[in-house]
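Encoded as structure tokens, the structure appears first; notes follow it.
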Amino acid sequence: MSSQQQQPTGEPVYDDRVYRSSMGVVSGVLLLALLAWLCGDGVLRGSGDTPWISLAAALCLVPLIVAYTIRPAVFANDDRMRVRNPFRIIELPWGAVDAVRSGYSVEALAEGSKYQLWAVPVSLRERKKVNRQQLKGLGRAGGRGADAPEAKPAGAPAEPQRATADRIAEELQALAERGASRPGAQGGVRVRWSFEVIAPAVVGAVLLTVLLATG
């Protein structure tokens, strides 16, 4: 259960909802483990420039793997949404958000720009599966006839099933609509580049290029 905080305006603000891809995190951990094994072997057993090349490759690749798999997340509360993408952090007050939509990717539209939510990947396969299930349900409902009573199985969900990305986009859109008029949800979009990710990756890439060119 989310804990409740109080703003200076007197309005309650609840802890952030956090959205991230569990498959992305798992993939990132596995890739980091593989990279640690390969680079560790190069450092411990390699000769000549191999240990240095292994270290430079690790310095370049570790931030990139983390950036694209473990790092992406979306934090949303009653006032704003903070989107942590691979190389940028975007803070969007609900008052500045025009829409959150799900197509081939989940995007937030604000101040004439589009911001992709890397943490919420769209699975076209899951969406097609859900659509097929909905069509089958409509077919069964139509086959009962007009006078047949509508039977609902015990424990059936009250709402139609949705693909994960579509459901999250709808939740964020609902938060945006509810929070747009709150005093704490006003202001413009703020974008910050994540140099703590970019800098080591660039340094590692430069070192790796130099070592390979002079080796």
Any residue in segment 189-202 that is assigned to a loop (DSSP other than H, G, I, E, B) and either open to solvent by 40 Å² or more (accessible area, probe 1.4 Å) or not small (G, A, S) (or both)?
yes
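Could you go through segment 152-168 and let me know if any residue there is closer than 22 Å to E111 by Cα, surrounded by 12 or more Cβ atoms within 10 Å (Cβ to Cβ) and at pLDDT 80 or above.
Of segment 152-168, the ones closer than 22 Å to E111 by Cα are 168.
After this cut, where a residue has to be surrounded by 12 or more Cβ atoms within 10 Å (Cβ to Cβ) as well, the list is 168.
Filter once more, so that each one left must be at pLDDT 80 or above: 168.
Checked against the condition, which is being closer than 22 Å to E111 by Cα, surrounded by 12 or more Cβ atoms within 10 Å (Cβ to Cβ) and at pLDDT 80 or above, segment 152-168 yields at least one hit.
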Under 6 Å between Cβ atoms, at least 6 apart or on separate chains: pull out the pairs that start in segment 30-45 with a residue that is surrounded by fewer than 16 Cβ atoms within 10 Å (Cβ to Cβ) and end on any residue that is of a type in the set (G, A, S).
V43/S54
What number of residues within segment 125-135 satisfy the criterion of being open to solvent by less than 60 Å² (accessible area, probe 1.4 Å) and either more than 21 Å from G24 (Cα to Cα) or part of a loop (DSSP other than H, G, I, E, B) (or both)?
1
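Looking at R80, is it open to solvent by 10 Å² or more (accessible area, probe 1.4 Å) and at pLDDT 85 or above? First the steps, then the outcome.
Working: open to solvent by 10 Å² or more (accessible area, probe 1.4 Å): yes; at pLDDT 85 or above: yes.
Taking the combined requirement at face value, the residue satisfies it.
Kindly provide the set of residues from segment 35-54 that are of a type in the set (S, T, N, Q) and within 17 Å of A205 (Cβ to Cβ), ordered by number. Before you say what the answer is, go through the steps one by one.
Taking segment 35-54 first, the residues of a type in the set (S, T, N, Q) are 47, 50, 54.
Once the filter is applied, which keeps residues that are of a type in the set (S, T, N, Q) and within 17 Å of A205 (Cβ to Cβ), segment 35-54 yields only S54.
A quick yes/no check of all residues on (1) more than 17 Å from Q186 (Cα to Cα); (2) modelled with pLDDT of 95 or more; (3) more than 13 Å from the chain's Cα centre (by Cα):
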residue	(1), (2), (3)
I70	yes, yes, no
P86	yes, yes, no
I90	no, yes, no
G103	yes, no, yes
A110	no, yes, yes
Lone qualifier among V66, V122, V97 - being farther than 30 Å from G204 by Cα, in contact (Cβ under 8 Å) with a residue 40 or more places away in the chain, of a type in the set (V, I, T) and surrounded by fewer than 21 Cβ atoms within 10 Å (Cβ to Cβ):
V122
Here is a list of conditions, (1) free of Cβ contacts under 8 Å to residues at least 40 places away in the same chain; (2) assigned to a strand (DSSP E or B); (3) open to solvent by 50 Å² or more (accessible area, probe 1.4 Å), and E107 meets all of them except one; can you say which number that is?
(3)
Pull up segment 169-187, narrow it to residues that are in contact with a helix residue (DSSP H, G or I) (Cβ under 6 Å, 6 or more places away or on another chain) and in a loop (DSSP other than H, G, I, E, B), then point me to the one that is most open to solvent (accessible area, probe 1.4 Å).
Q186
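The values are calculated or read from the model by the stated rules, or taken from the named source; none is laboratory data. Remember, predicted model here, so these are calculated numbers, not experimental data. When we count neighbours, we look across all protein chains shown, and the Cβ atoms used for this are built from the backbone with ideal geometry, even at glycine. Surface accessibility is based on the protein's heavy atoms, side chains included, excluding ligands, DNA and RNA. Shrake-Rupley method; radii C 1.70, N 1.55, O 1.52, S 1.80 Å.
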